[in-house]
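Structure first, commentary second.
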Amino acid sequence: TEVARRSALVHSLKLAETPFHVPVDAIACRTGISVLDRFLTVQTLLRKDAHPSMFETPGHLLTLGAAPGLLRARQGHTETSVALAQASGLKPAGLLCEIVGDDGDMLYGEDLVDFGMQNGIEVVRMSELIPALLAKTQED
């Protein structure tokens with residue numbers, strides 16, 4: 001995507017058809033591991049003047065590349081997050097996270113919906129979001 005290209009993120013491997021890039025930290029970070037350091041790295045990645053010299057590798061923020069063509073090419077979490085940002089008039093980038101349950105495993109499906117309800121977080125399924133985003137891109 002544009003952010004990855006501008007920041008010259010280096011492609012490192014491909015899992016489940018998602019291109020992973022080398023993890024990065026913004027040079028201005030202290031350790032890179034804290035929430036504030038990760039936020040600083042995200043802010044730096046989104047700068048219009050982002051440049052490889054602004055980052056250290058390997059870092060703590062895992063970066064992914066969206067497939068060219070977004071949802072028309074691949075209907076994954078990465079492409080959906082970028083398409084949602086674009087449809088909202090924001091920069092073509094997304095920030096993804098996994099929710100971990102008490103047992104240390106990732107939450108999926110109804111467990112994730114239950115977590116959202118317990119914590120006042122709206123949960124939207126990709127199966128609901130993708131058709132709306134595809135329709136929006138046809139309008140534009």
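The numbers here are math on the coordinates, done by the rules we state, and not lab data. Quick caveat: nothing in here was measured; it's all calculated off a predicted structure. So basically every Cβ, Gly included, is an ideal-geometry build from the backbone, and we count neighbours across all protein chains shown.
Details
- Between residue 126 and residue 87, the modelled labels are 1.4 nm apart [label points 7 Å from Cα along Cα→Cβ].
- Positive-end residue of 120, 57, 108, charge dipole of region 24-140 with Cβ unit charges: 57
- Pairwise centroid distance, computed over Cα atoms, of region 26-55 with region 77-92, Å: 20
- When +1 charges are put on Lys and Arg Cβ atoms and -1 charges on Asp and Glu Cβ atoms, the dipole computed for region 51-104 relative to its Cα centre reaches about 420 debye.
- A value for P(r) over Cα pairs in 10 Å bins from 0, in percent was derived from the coordinates, and within the list [x] 12, 44, 34, 9, 0; [y] 11, 35, 37, 17, 1; [z] 12, 36, 32, 17, 3, 0 it appears as [y].
- For the chain, a simple Cβ point-charge model (Lys and Arg +1, Asp and Glu -1, everything else neutral) yields a dipole of about 840 debye relative to the Cα centre.
- Using a simple spin-label model with pseudo-atoms 7 Å out from Cα toward Cβ, residue 48 and residue 113 lie 4.3 nm apart.
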